[in-house]
1. Identify all residues within segment 173-220 that are open to solvent by 30 Å² or more (accessible area, probe 1.4 Å) and under 18 Å from SER243 (Cα atoms); write none if there are none.
2. Of the conditions (1) of a type outside the set (Lys, Arg); (2) within 17 Å of the chain's Cα centre (by Cα); (3) at negative phi, GLY234 fails just one. Which one is it?
3. Looking at ILE24, ILE71, ILE64, can you tell me which residue is assigned to a strand (DSSP E or B) and at pLDDT 95 or above?
4. I'm trying to understand the selection: among the residues of segment 100-115, which are open to solvent by 30 Å² or more (accessible area, probe 1.4 Å), among the hydroxyl-bearing types (Ser, Thr, Tyr) and part of a helix (DSSP H, G or I)?
5. If you check every pair at least six apart or on different chains, which have Cβ atoms under 6 Å apart with a residue in segment 102-124 that is more than 17 Å from TRP78 (Cα to Cα) first and a residue that is among the charged types (D, E, K, R) and open to solvent by less than 80 Å² (accessible area, probe 1.4 Å) second?
6. Just the residues that are farther than 21 Å from LEU120 by Cα, surrounded by fewer than 20 Cβ atoms within 10 Å (Cβ to Cβ) and either in contact with a Phe, Trp or Tyr (Cβ under 9 Å, 6 or more places away or on another chain) or of a type outside the set (A, V, I, L, M) (or both), please, taken from segment 48-79.
7. Looking at (1) closer than 27 Å to THR54 by Cβ; (2) open to solvent by 30 Å² or more (accessible area, probe 1.4 Å), can you tell me which one PHE244 breaks?
8. Determine which member of the set ALA230, ALA251, ALA164, ALA239 is open to solvent by less than 10 Å² (accessible area, probe 1.4 Å) and out of contact with any Lys or Arg (no Cβ under 6 Å at 6 or more places or on another chain).
Amino acid sequence: MTQPDTAPTAPSKSFQVDALPVRIYARASEMAQDAAKLARNYLQEVLARQGSATVILATGNSQIEFLHALIALGGVEWSRITCFHMDEYLGIPADHGASFQRYMRERVASCVSPRQFHYLSGDAWLPLDECERYAGLLAAQPIDLCCLGIGENGHLAFNDPPVANFNDPHKVKLVKLDVASRQQQVNEGHFPNLEAVPQYAFTLTIPQLCSAKRMFCIAPEKRKAKAVKAALAGPIDAACPASFLRRQPQATLFLDVDSASLL
């Protein structure tokens, strides 16, 4: 059911670190609702101004409540929106339980029927060609909104510290996953053990993510607290890829009290 309230909820605390606005909420549910309202209002403005929109969405447990809230709010003409997701494991089919394509089909595409949803094919026979194909789709139009999270090791998409490049010449690349990133997938319940997690994945690069006109970074939960502290209080460095958000005035970081607990 569409909820009529379009006014965002006031965060319990807000401040700015370099170019990055930060909003902290007492509860993760309040954070998700506020981010969803702000995203909905922005998409309405974009659609009214230019008739269509292009959005990049993130997967992961931290995004579920936000995506549910955004869809439940209603008021967005998804039939005029083209969607992308930002990463996918190499070697798994679209129906695999941990497939990000499946995540997006079940949680977004089947609920709102966007004009198009472009998916990375994890089981592509020619992975480098798949990178080129997806990069071409991304290059076909400007990106209006990127909704993303922060990994426990500070990654953005699958740009883990060993492979993150703030000046990456690529839009999409194939990367080897950091052990910490793979272990996070086990801890979240997507794989039974570390050996079951693929060692390689496709990812949109940091410059591609940051090319979006607006960025909403949703990062709740205590397990993200160390990465959030490194991103906001440490150097802007590939050792914590999320620190690059501090150079993105078009971005907003949404935290709950747990993820902000070390600040």
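1. ASP178, ALA180, PRO207, SER211, ARG214
2. Result: GLY234 fails condition (2) only.
3. The unique qualifying residue is ILE24.
4. Once the filter is applied, which keeps residues that are open to solvent by 30 Å² or more (accessible area, probe 1.4 Å), among the hydroxyl-bearing types (Ser, Thr, Tyr) and part of a helix (DSSP H, G or I), segment 100-115 yields only SER110.
5. Here the result reads LEU120/GLU88; SER121/GLU130; GLY122/GLU88; ALA124/GLU130, each pair linking segment 102-124 to a residue that is among the charged types (D, E, K, R) and open to solvent by less than 80 Å² (accessible area, probe 1.4 Å).
6. Correct list: ARG49, GLN50, GLY51, SER52, GLU65, HIS68, ILE71, GLY74, GLY75, GLU77.
7. (2)
8. ALA251
The values are calculated or read from the model by the stated rules, or taken from the named source; none is laboratory data. Bear in mind the structure is a predicted one, so any value in this text is a computation, not a measurement. Because the Cβ atoms are built from the backbone with ideal geometry, glycine has one as well, and the counts that use them run over all protein chains shown. Ligands, DNA and RNA are stripped out before the accessible areas are found, and what is left, the full protein with its side chains, is counted by its heavy atoms. Shrake-Rupley method; radii C 1.70, N 1.55, O 1.52, S 1.80 Å.
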